1. Looking at 23, 6, can you tell me which residue is in contact with a helix residue (DSSP H, G or I) (Cβ under 7 Å, 6 or more places away or on another chain), modelled with pLDDT of 95 or more, assigned to a helix (DSSP H, G or I) and surrounded by 24 or more Cβ atoms within 10 Å (Cβ to Cβ)?
2. For the range 122-134, does any single residue satisfy the condition of being crowded, with 18+ Cβ neighbours inside 10 Å, more than 17 Å from the chain's Cα centre (by Cα), assigned to a helix (DSSP H, G or I) and in contact (Cβ under 8 Å) with a residue 60 or more places away in the chain?
3. Need the failing condition index for residue 98 against (1) surrounded by 21 or more Cβ atoms within 10 Å (Cβ to Cβ); (2) assigned to a helix (DSSP H, G or I), just the number.
4. Output yes when any residue across the range 81-88 is within 22 Å of residue 238 (Cα to Cα), surrounded by fewer than 24 Cβ atoms within 10 Å (Cβ to Cβ) and more than 16 Å from the chain's Cα centre (by Cα), and no when none is.
5. Look at residue 75 and say whether it is at pLDDT below 95 and more than 17 Å from the chain's Cα centre (by Cα).
6. Does the range 30-38 include one or more residues that are surrounded by fewer than 24 Cβ atoms within 10 Å (Cβ to Cβ) and in a helix (DSSP H, G or I)?
7. Out of 116, 111, which single residue is closer than 20 Å to residue 16 by Cα, modelled with pLDDT of 95 or more and surrounded by 21 or more Cβ atoms within 10 Å (Cβ to Cβ)?
């Protein structure tokens, strides 16, 4: 498996399972309807575990342009490979969102709320205030990237080596994403990943979903720019400390 394919498949799995749990919790007439925030954050953490386990040995399992950018800034990833990784992540994100739509097609048809349909694909702030929403994404991503720098092992390297002690090496990142969701995710839905939001939002705009409404492009820059800024701050502070 090439790094490109690994990032594509890993990000596809991440979005399939991550957006999938949101669909299960908020769409009408699902088995998981209204099961709550704990279910969503737990499944997102486990989605990261699955994606890192699959992609880690081949690409380092960045699965997130903010991770790729941060590692490049601190010199642990070649800048020349950044466009390739981000392209794979974006394509994988689109594929994952498409599969969620296929899986829950009947339930999308039974759901009339435009915000609920959009919420399956992309983040929506609990209180729309662009300044504070940006701060939320910056802080959440800072915690993600800064902590990843201190997770030792192959899960943050671009070479083909085993991830920690087998798949156990993916557990620290999964717990990290889980606690960010539980502690910091209530304001914006904690994108902390430009591809996690932008790729599914694009699929929301493209897919033939009856009554879906706007894709809310007016907000779309926040979960893209915020994570990139948070990653850059984490990298600069890390460099100052080492």
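The values are calculated or read from the model by the stated rules, or taken from the named source; none is laboratory data. The structure displayed is predicted, hence computed values, not measured ones. Using ideal geometry, Cβ is built from the backbone for each residue, glycine included, and neighbour counts are taken over all protein chains shown.
1. 6
2. Looking through the range 122-134, none of the residues is crowded, with 18+ Cβ neighbours inside 10 Å, more than 17 Å from the chain's Cα centre (by Cα), assigned to a helix (DSSP H, G or I) and in contact (Cβ under 8 Å) with a residue 60 or more places away in the chain.
3. Here residue 98 clears every test but (1).
4. yes
5. yes
6. Looking through the range 30-38, at least one residue is surrounded by fewer than 24 Cβ atoms within 10 Å (Cβ to Cβ) and in a helix (DSSP H, G or I).
7. Being closer than 20 Å to residue 16 by Cα, modelled with pLDDT of 95 or more and surrounded by 21 or more Cβ atoms within 10 Å (Cβ to Cβ) holds for just one of 116, 111, which is 111.
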